[in-house]
């Protein structure tokens, strides 16, 4: 009987620790949005097909400055640049020499960029702490206005440090970004969030 009581106390203790970890992740996300005004990090992106059998891995850097300025620069295996200047989102493919742009209000919505670089976290997302997994503490961010392009977003923290972001799109494809060497609140040149199409590039504006 005593052994059962001890086991029950131990299990309840573990559940209590898990609840604390979940609460910590939610606090970490809110603190990140409130306190981190700019940042830079390297990332590894793994995109998995809905059945999990096919994967593509890319590498690059991510920079942002609130509100709504960001820069994803993919370096391997192919170069690609995505820049949000606060008004428009630009996508440039050096191999195709093609640039496209759309108004930020049309594309930002409840996206990973909005989650990380936006200023309206709880207006755009419903937040729910999840159980720790893979050494990280997670928060589920569900878009309040679903448009079909994003099913769910998960943000992972290691302590107070942003560590990962996982997105499931409307087709069930899963994209995970693992961050490394995150530096917060560093000065970032304004030019990093401007894009001028290179001479000779095809330009598509929507």
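In summary, residue 190 fulfils each of the numbered conditions (1) in contact (Cβ under 8 Å) with a residue 12 or more places away in the chain; (2) more than 17 Å from the chain's Cα centre (by Cα); (3) closer than 19 Å to residue 63 by Cα with the single exception of condition (1). Scanning the stretch 193-206 for residues that are farther than 29 Å from residue 50 by Cβ and either touching a residue at least 60 places away in the same chain (Cβ under 8 Å) or surrounded by 15 or more Cβ atoms within 10 Å (Cβ to Cβ) (or both) yields 193, 194, 195, 197, 198, 200, 201, 202, 203, 205. Residues of the stretch 52-64 include none that is surrounded by 12 or more Cβ atoms within 10 Å (Cβ to Cβ), within 23 Å of residue 112 (Cα to Cα), out of contact with any strand residue (DSSP E or B) (no Cβ under 6 Å at 6 or more places or on another chain) and modelled with pLDDT of 90 or more. Residues being touching a residue at least 40 places away in the same chain (Cβ under 8 Å) and assigned to a strand (DSSP E or B): count how many of those fall in the stretch 45-68. Residues flagged as touching a residue at least 40 places away in the same chain (Cβ under 8 Å) and assigned to a strand (DSSP E or B) within the stretch 45-68 amount to 8. Those helices (runs of 4 or more DSSP H) of the stretch 69-182 in which at least 3 residues are within 23 Å of residue 24 (Cα to Cα) and touching a strand residue (DSSP E or B) at 6+ places or on another chain (Cβ under 9 Å), considering only elements entirely within it, cover 112-117.
Each residue in the stretch 162-185 was checked for being in contact (Cβ under 8 Å) with a residue 60 or more places away in the chain, out of contact with any helix residue (DSSP H, G or I) (no Cβ under 7 Å at 6 or more places or on another chain), within 19 Å of residue 39 (Cβ to Cβ) and surrounded by 14 or more Cβ atoms within 10 Å (Cβ to Cβ), and 6 of them qualify. The single condition among (1) at pLDDT 85 or above; (2) over 19 Å from residue 75 (Cα atoms) that residue 146 does not satisfy is (1). The residues listed here are 79, 137, 133; of these, the one that is modelled with pLDDT of 80 or more and touching a helix residue (DSSP H, G or I) at 6+ places or on another chain (Cβ under 6 Å) is 137. Annotation: residue 114 fulfils all but one of (1) modelled with pLDDT of 85 or more; (2) in contact with a helix residue (DSSP H, G or I) (Cβ under 7 Å, 6 or more places away or on another chain); (3) under 23 Å from residue 35 (Cα atoms); the unmet one is (1).
Screening the stretch 36-51 for residues that are more than 14 Å from the chain's Cα centre (by Cα) and under 22 Å from residue 169 (Cα atoms) and picking the one that is modelled with the highest pLDDT gives 48.
The values are calculated or read from the model by the stated rules, or taken from the named source; none is laboratory data. Keep in mind the model is a prediction, meaning the values are calculated, not measured. So basically every Cβ, Gly included, is an ideal-geometry build from the backbone, and we count neighbours across all protein chains shown.
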